[in-house]
1. Any residue at all in the stretch 49-58 that is at pLDDT below 80, over 26 Å from Arg121 (Cβ atoms), out of contact with any Asp or Glu (no Cβ under 6 Å at 6 or more places or on another chain) and not in a helix (DSSP H, G or I)?
2. I need every pair where a residue in the stretch 145-167 that is under 12 Å from Glu177 (Cβ atoms) and free of Cβ contacts under 8 Å to residues at least 24 places away in the same chain has its Cβ under 6 Å from the Cβ of a residue that is crowded, with 18+ Cβ neighbours inside 10 Å and aliphatic (A, V, I, L, M), sequence separation at least 6 or different chains.
3. Filter the stretch 90-116 down to residues that are in contact with a Gly (Cβ under 9 Å, 6 or more places away or on another chain) and in a loop (DSSP other than H, G, I, E, B) and give me whichever is modelled with the lowest pLDDT.
4. Just one of Thr44, Thr24, Thr36 is polar (S, T, N, Q) and either touching a Leu at 6+ places or on another chain (Cβ under 6 Å) or modelled with pLDDT of 90 or more (or both); which is it?
5. May I ask you to verify whether Pro11 is assigned to a loop (DSSP other than H, G, I, E, B), at pLDDT below 60, crowded, with 17+ Cβ neighbours inside 10 Å and not hydroxyl-bearing (Ser, Thr, Tyr)?
6. Which numbered condition in (1) modelled with pLDDT of 95 or more; (2) in a helix (DSSP H, G or I); (3) more than 22 Å from Gly88 (Cβ to Cβ); (4) not small (Gly, Ala, Ser) is the only one that Lys126 fails?
7. Which pairs do you get when a residue that is over 12 Å from Lys107 (Cβ atoms) and without any contact (Cβ under 8 Å) to a residue 60 or more places away in the chain, found in the stretch 119-139, comes within reach of a residue that is acidic (Asp, Glu) and in a helix (DSSP H, G or I), reach meaning Cβ atoms under 9 angstrom, with the pair 6+ apart or on two chains?
8. Would you mind telling me which numbered condition in (1) over 28 Å from Gly140 (Cα atoms); (2) surrounded by 15 or more Cβ atoms within 10 Å (Cβ to Cβ) Asn61 fails?
Amino acid sequence: MSLSKSVHSTPGNDLIIGVDFDNTVISYDDILCKLTHERGLSATFPCSKKALRDLLRQLPNGEIEWQKWQAIMYGPMIGEAKLIRHVGDFFRLCRIKNVSVNIISHKSEYAAQDTKGINLRTAALKWMHDNHFFSMDGLGLNQEAIFFCNTRQEKIKKIKQLGCNYFIDDLEETFLEEDFPPTVQGILYSPTGDHSQAIEKLMIATDWKEITQYVFPLCSQSNP
């Protein structure tokens, strides 16, 4: 965990938290392992989004190939994706403390390299329903607090509109955007701990337990 020049505030009813979706609350690692095994790549690198993306982007037309993999992960195979460990604990604690949580995702309706016409936003919402995001005996989120944005700039505009105190994302690029509001505490979810250290006031967390303990420092945490 690292932090400087924090805008850390006291949790309470006026606290508003924004959370990214892909690879921040939902993990596609099992899907990547399955796909890389089918393509004979599993022995060459670990099954993670970053490792695969970096490998594919080194190939001719690598960006297009990566987009094809994304179309598969975010579309027809999303049902095999998993909720990242301790995300549920964080959301449930937010509900208990009446903290507003909004999922703000840069996700187009359709993947550029998809040939099946699957609506990625519909697929994501179905996954959330299947994983009890909106039930009171589940995570208790409000479906009206789910926002899909066409661009990263639109995503940042929504963060501003909602008045978020914190925003949690796995992509450092989000916090590097010129328009990212300085009043929002950025929290980078980075399981590998990789980051450029280019952002002064950024909290780095390798798991969601760290995030929960940072936002709610006075609450004892469970160990499911």
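The values are calculated or read from the model by the stated rules, or taken from the named source; none is laboratory data. In this text the structure is predicted, and so the values were computed from the model without any measurement. Cβ coordinates were reconstructed from backbone atoms using ideal geometry, including for glycine residues, and neighbour counts include every protein chain displayed.
1. So far as the stretch 49-58 goes, yes, one or more of its residues are at pLDDT below 80, over 26 Å from Arg121 (Cβ atoms), out of contact with any Asp or Glu (no Cβ under 6 Å at 6 or more places or on another chain) and not in a helix (DSSP H, G or I).
2. Qualifying pairs under 6 Å: none.
3. Among those that are in contact with a Gly (Cβ under 9 Å, 6 or more places away or on another chain) and in a loop (DSSP other than H, G, I, E, B), it is Asp114.
4. Unique residue meeting the criteria: Thr24.
5. Details: assigned to a loop (DSSP other than H, G, I, E, B): yes; at pLDDT below 60: yes; crowded, with 17+ Cβ neighbours inside 10 Å: yes; not hydroxyl-bearing (Ser, Thr, Tyr): yes.
When the stated conditions are applied, Pro11 passes them.
6. The single condition Lys126 does not satisfy is (3).
7. Qualifying pairs under 9 Å: none.
8. That leaves (2) as the condition not met.
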